[in-house]
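Remarks on the structure that follows.
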Amino acid sequence: MIDVSDVLERLAARPVAWPEEVAVAIADHLARSAGAVVDWDDEADEEWLSVLLQDVRVAMVSTRLRLVVSVTGLADVPSPDAEVISVPSFDDPVIRCDTAVLGQVFGSEGISHILNAENFSANDLWFATV
């Protein structure tokens, strides 16, 4: 199980957003390194840029938080300010996080009704926060 409570608490303690352009550049770098594409609807105000390899999400970059979630072994994130969470797969429910931290970082205590905080996947996080 990958406990992301500490990572998300660090983000909450320094809620300094990075410029959207930085998030786009990171997603573009990850996509190029993997031969993937970036999927993002900026006009819909989506908070995550997805890096898709053959229609499968292999990374996501927050436009609001200094956070990148990626499959293990993907290229290094070209930003020392980024918090990176590596997962074996976006579908495997291998992540856990303190419920209060999830609510603090993603702006709603109601997120615990969407996610099982003890056992969720990176895709679950994307769907719960998109």
**OP:** Run down Ala31, Ala27 and say which single residue is over 23 Å from Ile2 (Cα atoms) and crowded, with 17+ Cβ neighbours inside 10 Å.
**Re:** Ala31
Subject >> Matching residues in segment 76-130 - criterion: being part of a loop (DSSP other than H, G, I, E, B) and of a type in the set (Asp, Glu) >> reply: Asp76, Asp81, Asp91, Asp92, Asp98, Glu109, Glu118
**OP:** Note down all Cβ pairs under 7 Å where the first residue falls in segment 12-36 and is more than 13 Å from Glu47 (Cα to Cα) and basic (Lys, Arg), the second is open to solvent by less than 70 Å² (accessible area, probe 1.4 Å) and in a helix (DSSP H, G or I), and they're at least six residues apart or on different chains.
**Re:** none
Original post:
When Ala59 is evaluated against the numbered criteria (1) in a strand (DSSP E or B); (2) within 26 Å of Glu118 (Cβ to Cβ); (3) open to solvent by less than 10 Å² (accessible area, probe 1.4 Å); (4) in contact with an Asp or Glu (Cβ under 9 Å, 6 or more places away or on another chain), which criterion, by number, is the only one it fails?
Top reply: (4)
Subject >> Which listed residue is at pLDDT below 90 and open to solvent by less than 30 Å² (accessible area, probe 1.4 Å), from Ile85, Ile111 >> reply: Ile111
Original post:
Looking at (1) open to solvent by 30 Å² or more (accessible area, probe 1.4 Å); (2) over 14 Å from Trp126 (Cα atoms), which is the only condition Trp18 fails?
Top reply: (1)
Original post:
Given the structure, is Asp45 in contact with a strand residue (DSSP E or B) (Cβ under 9 Å, 6 or more places away or on another chain) and either crowded, with 17+ Cβ neighbours inside 10 Å or without any contact (Cβ under 8 Å) to a residue 60 or more places away in the chain (or both)?
Top reply: no
Subject >> Any chance Gly73 is farther than 17 Å from Ala128 by Cα and open to solvent by 60 Å² or more (accessible area, probe 1.4 Å) >> reply: yes
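Given Val101, Val94, Val61, which one is touching a residue at least 12 places away in the same chain (Cβ under 8 Å) and under 12 Å from Ala27 (Cα atoms)?
Val61
The values are calculated or read from the model by the stated rules, or taken from the named source; none is laboratory data. As the structure is a prediction and not an experimental result, all values here were calculated from the model. Neighbour counts are summed over all protein chains in view; Cβ atoms, including those assigned to glycine, are modelled from backbone coordinates with ideal geometry. Only protein heavy atoms, including side chains, enter the accessible area calculation; ligands, DNA and RNA are left aside. Shrake-Rupley method; radii C 1.70, N 1.55, O 1.52, S 1.80 Å.
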